[in-house]
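Working notes for the structure below.
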Amino acid sequence: MDFSITEEQSMLADSIARFIDNDYSFDKRMQTAESENAFSAEVWKNCAELGWTAMLFEDADGGFDGGAVEMMLMMEQFGRGLVVEPFLANIVLAGGVLKRAASAEQKARWLSGIVEGSRHAALAFAEPQARYNFANIATTARREGDNWVLDGHKTLVLNGGEADLLVVPARTAGDTTSTDGISLFAIDAATSGVERKAFKTVDAHGAAEISLRNVSVSNDALLGDEGAGYSVLAETIADATLAVCAEAVGIMRTMHDKTVEYAKQRVQFGVPIGSFQALQHRMVDSLMACEQARSMLLRAVMLRDADSADAATAISELKFLIGTSGRKVAQESVQIHGGMGVTWELDIAHYFKRMTAIDILFGDSDFQLDRVAGLN
Amino acid sequence: MHVNLTDDERAFEQEVRAFFRDQYPADIRAKHNAGVPLTRDDYIRWQKVLFKQGWAAINWPVEHGGTGWTPVQKYIFANEIANANAPDMVPFGVKMVAPIIYTFGTEEQKQRFLPDIIESNVWWCQGYSEPGSGSDLASLKTRADRAGDHYVINGTKTWTTLGHFADWIFCLVRTSSDVARRQEGISFILIDMNTPGVSVRPIITIEGEREVNEVHFENVEVPVENLVGEEGKGWTYGKILLQHERTNIAGVARSKYRLNKLREKVSQSVHGGTPLIEDRNFARKLASVAVELTALEFTELRTLAAVAVGKAPGPESSILKIKGTELQQELDTLFVEAAGYYALPYIPEQYVADFAVDERIGFGNETRSSLIYFNNRKASIYGGSNEIQKNIISKHVLGL
């Protein structure tokens, strides 16, 4: 049992923290958020130059062999800085499938650009009828000669508007909800029959609604074995869930700290509002929620890095806790900021929206609790 | 960063497990598992077994008989003692007064008191709260007036847990009213319960049992050498003691044990009925408590890890107290829910040593679930109520 991190890990966290503090101000973030761009190309280039896009890939794939601890440290800082750049979509989701399922040739063609930060990709993991069950896939892929032809509808494809490459799970056998018969395809976003409606989410991340009509791709678009995509998808979604939880822990702590600071500054009735017990106890509740969430995050990260059989459940437990206590911390932070808390001008509102999005991503707290209790 | 135990730690876990399997007296085990309250003699006999093993005072400095264990070893021990459902050391001597004595006491006091504490020769109880001083402890009125080579004690202490078993009591008393802050007039003193003028009266609590008492002092003469540390510093010492107490009362390992028992229980069919775990609402409540408990286990481990690198348990131990007692009480209520109608029969005579468990109305300890629920409402009140804990965190951690 060891909660300490290595010197290299500590340096990684420090370098991102410095970047957030010096080069990623809230104003700068909002310029991107309010622009037509889903993210800042300059910031992404910076992430690549500093090695962050490569961090979570294996040495053989041109990466730095980072594991769950590195991912946690990075995402926590991205949470603190409210970063909109598509690290989750590009690196953890699309990159996560490619690093697990792609052949050496496919990696050279698609993954290396992601590792280097030059290629943008997206994983189309969600469908309208599925809610949070990522095994629920109605999109089909059928063989036609040497090609595969895909038809279906994908929703909330993160980074889907900007991606050059779409990683698409489609059903090649089985019922809509079967975990067998899911195959994974790498598809150039410009392929005929791919229709994208790009938009921004409430928390200013880029995403797209994507329909696939008679999209024909060659056989080398298939990633891994036909029909065996579920486990790759499950591993990737587990990583992504862990990633947004780490981001959430960074956000919760930031919202809590900012709220305590505000309560010390804001004077009403001639005294700082932080002197009121009705508010003090609620801020203590928030602190406890932050600490509990961090404890659960560390546990899930350690189990994940140890390849423990308990890791998947631990991640669901974590996501449940983040969903419930994170919402509480976010709501209390807005409440204690008073009217200012519901203005566009203040960062608190934007942290709040990101927390809301994180609860939904990869299954909300109700969904996760059902998984923990063995009910779904 | 990793969660694994080392080979040495695994071996230690086996050693501790074997000890509880082989050395925990079978008759006490049977009684305790059956929910029968233990007698004074039961406690002492068991504690002497722990002493013989060298495990009576695991947190003490090694020179006084402590174990020198690492935080992980202490964590393993806490899990094993909970999984054996064996009682912890009664805390008042070994966990509460002893740290004050070995930290602030004189050499004579250490030699006089510590061996009898670790060997369970002397039973201690705590004299902090008073009828007029609960959460506002610093308002306490029990007086210790200096008269030559002794103090004369007058006043009343209350909520004295197992005071009717005790030989000695440690008290916060007022030695001076002529101070700038009322906390500065408080001193920490050790009193032999057999001294003339000390009387103990029972308080029957909500579940109908005698666990706590009122202790009255009427012109009780106590030698000045029983004062610990400096006169007027008792509040400071007492606060430190309370921080120790707070880390002890999270009770994570015990709650984990109870959660597992509850899960086993609700997974079984009762008289051919559907197991309660198949009720979606109950299953979700149980899962939710389990998640919070796991998180608290890791919060405690993080605290232990911080202590291991030399940080004292500080105000953040209040977090453990609050969350720990909240979860204990959530489990209490789930046990009552699980018992259903069998939470209602009030038949205390079923819980005496010679009453056969299978003759009881209800299954096993089911009719005790409500009594435990009633009794354990105390958990969020004692040791500084959870609201007081929040005041402490607010002031000392958040700086509000």
Practice task
Return a yes/no flag: does the range B:230-245 have any residue that is surrounded by fewer than 13 Cβ atoms within 10 Å (Cβ to Cβ) and at positive phi.
Solution key: no
Exercise for the section: Go through the residues of the range A:272-281 one by one and say whether even a single one is part of a helix (DSSP H, G or I) and crowded, with 24+ Cβ neighbours inside 10 Å. Expected result: no
Practice task
Please state which one of A:MET302, A:MET296 is more than 18 Å from the chain's Cα centre (by Cα), of a type outside the set (S, T, N, Q) and either part of a helix (DSSP H, G or I) or more than 14 Å from chain B (Cβ to nearest Cβ) (or both).
Solution key: A:MET302
Practice task
Output the helices (runs of 4 or more DSSP H) that fall wholly within the range B:1-111 and possess 3 or more residues being under 30 Å from A:ILE5 (Cβ atoms) and without any contact (Cβ under 8 Å) to a residue 12 or more places away in the chain, or say none.
Solution key: B:7-23
Practice task
Determine, yes or no, whether A:VAL342 is over 26 Å from B:ARG263 (Cβ atoms) and in contact with a helix residue (DSSP H, G or I) (Cβ under 7 Å, 6 or more places away or on another chain).
Solution key: yes
Practice task
Considering only the range B:278-324, state which residues are over 21 Å from A:ARG294 (Cβ atoms) and surrounded by 20 or more Cβ atoms within 10 Å (Cβ to Cβ).
Solution key: B:ALA283, B:LEU286
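For (1) farther than 18 Å from B:LEU304 by Cβ; (2) within 14 Å of chain A (Cβ to nearest Cβ); (3) at pLDDT 95 or above, each residue gets a yes or a no:
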site	(1), (2), (3)
B:TRP60	no, no, no
B:THR70	no, yes, no
B:GLN73	no, yes, no
B:PRO87	yes, no, yes
B:PRO99	no, no, no
B:THR106	yes, no, yes
Practice task
Please list, ordered by first then second residue, the pairs with beta carbon atoms under 9 Å, 6 or more apart or interchain, first in the range B:291-303 and more than 7 Å from every other protein chain (Cβ to nearest Cβ) and at negative phi, second crowded, with 21+ Cβ neighbours inside 10 Å and among the acidic types (Asp, Glu).
Solution key: B:THR303/B:GLU316
Practice task
Restrict the check to the range B:325-340 and report whether at least one residue is facing chain A (nearest Cβ under 10 Å), touching a residue at least 12 places away in the same chain (Cβ under 8 Å) and under 22 Å from the mean Cα position of the chain (by Cα).
Solution key: yes
Exercise for the section: Can you tell me which residue among A:ALA173, A:ALA141, A:ALA124 is more than 21 Å from A:VAL92 (Cβ to Cβ), in contact (Cβ under 8 Å) with a residue 24 or more places away in the chain and buried (at least 22 other Cβ atoms within 10 Å of the Cβ)? Expected result: A:ALA141
Practice task
Quick one: in the range B:373-400, of everything that is of a type in the set (A, V, I, L, M) and more than 15 Å from the chain's Cα centre (by Cα), which residue is farthest from the other protein chains (Cβ to nearest Cβ)?
Solution key: B:ILE388
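The values are calculated or read from the model by the stated rules, or taken from the named source; none is laboratory data. Computed from a prediction, not measured in an experiment: that's the story for all the values here. We place every Cβ from the backbone using ideal geometry, glycine too, and count neighbours over all the protein chains shown.
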